[in-house]
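Notes follow once the structure below has been shown.
The values are calculated or read from the model by the stated rules, or taken from the named source; none is laboratory data. Computed from a predicted model, the values in this text were never measured in an experiment. Don't worry about glycine lacking a Cβ; one is built from the backbone with ideal geometry, like all the others, and counts go over all protein chains shown. Accessible surface areas use protein heavy atoms only, side chains included; no ligands, DNA or RNA. Shrake-Rupley method; radii C 1.70, N 1.55, O 1.52, S 1.80 Å.
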Amino acid sequence: MIKQDLLLRAVVPAWVLAAGVVAGLSPLAWATGLTFGIALVLLTEWGLRRAGRAAFGPADWITFARATLVGCAAELIADGGLSAAWLVGLTGVALLLDGLDGQVARRTGTTSEFGARFDMEVDAFLILLLCVQVSRALGLWVLAIGLMRYVFVAASWTMPWLTAPLYPSMARKTVAAVQGVVLVVAVSGLLPVPVVVALVAVALGSLVWSFGRDVVWLARHRVAAEPTRIVQFPRPFHSPAWRGNQAA
């Protein structure tokens, strides 16, 4: 079973690469797809081992399918020569499927920290890819949307208090959803450039507000908790990502 699971996951690099070849993409696009596929297999295997699991659950396979779509989107962006309709279709389906894996995990009783982190990383990378594509038309400032989560993670390496769990927030989830929708609309080219610039700017502003609010809350929580160290509880691992902005 374990070997079959790994073998099935290992097929993805060849599948993504083959998709690029059939579509007539450039060598750069093939290399991008192959690199993405290999990284996907290696990182998921590492994550499973770290979590003490032998194989994917049903929800993980849905996330893996979404990751494959993201890999194809990465090929298209690296190539830069195909119609935007293909990119919109792939990323649109990947975004629409977001949340389905969480529902399946809950209904099958297979929720896990690995599954949540996997889903979160796929979402974050998809947003970054869309930012790269949109930045070609609007400027590098758009990359701030996709890089913000990774900057937050980097900051948590020196400030571990940033990894503390956050309170549930519908506003945080709404802001996260807005990023993907706005970026897909921007990629589609259906709206005038000034309108797209305004929408992306609003999306970036809302994301800065969301991150800022959470960081302030975490800082205040830390200040309130640190003065008395009579009893120290071990802190479980909490995956920092969008600070809940990518939660399904």
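In region 50-65, which residue that is within 24 Å of V187 (Cα to Cα) and either of a type in the set (G, A, S) or crowded, with 23+ Cβ neighbours inside 10 Å (or both) is modelled with the highest pLDDT? The selected residue is T63.
Looking at A247, A203, just one residue is closer than 23 Å to D119 by Cα, under 23 Å from the mean Cα position of the chain (by Cα), open to solvent by less than 60 Å² (accessible area, probe 1.4 Å) and modelled with pLDDT under 90, and that residue is A247. Can you find, within region 40-49, the residue that is nearest to L96 (Cα to Cα) among those that are of a type in the set (A, V, I, L, M) and exposed (fewer than 14 other Cβ atoms within 10 Å of the Cβ)? Result: L43. In the condition set (1) open to solvent by less than 20 Å² (accessible area, probe 1.4 Å); (2) modelled with pLDDT under 95; (3) closer than 24 Å to W86 by Cβ, G189 is compliant with all but (1).
In summary, helices (runs of 4 or more DSSP H) completely within region 42-120 and bearing 1 or more residues that are closer than 28 Å to V132 by Cβ and touching a Leu at 6+ places or on another chain (Cβ under 7 Å) occur at 58-79, 84-96.
Scanning region 145-157 finds one or more residues that are of a type in the set (S, T, N, Q) and closer than 17 Å to L218 by Cα. The set of residues from region 140-149 being within 17 Å of A198 (Cβ to Cβ) and open to solvent by less than 20 Å² (accessible area, probe 1.4 Å) comprises V142, I145.
Taking the criterion of being basic (K, R), surrounded by 21 or more Cβ atoms within 10 Å (Cβ to Cβ) and part of a helix (DSSP H, G or I), would at least one residue in region 121-136 satisfy it? No, every residue in region 121-136 fails to be basic (K, R), surrounded by 21 or more Cβ atoms within 10 Å (Cβ to Cβ) and part of a helix (DSSP H, G or I).
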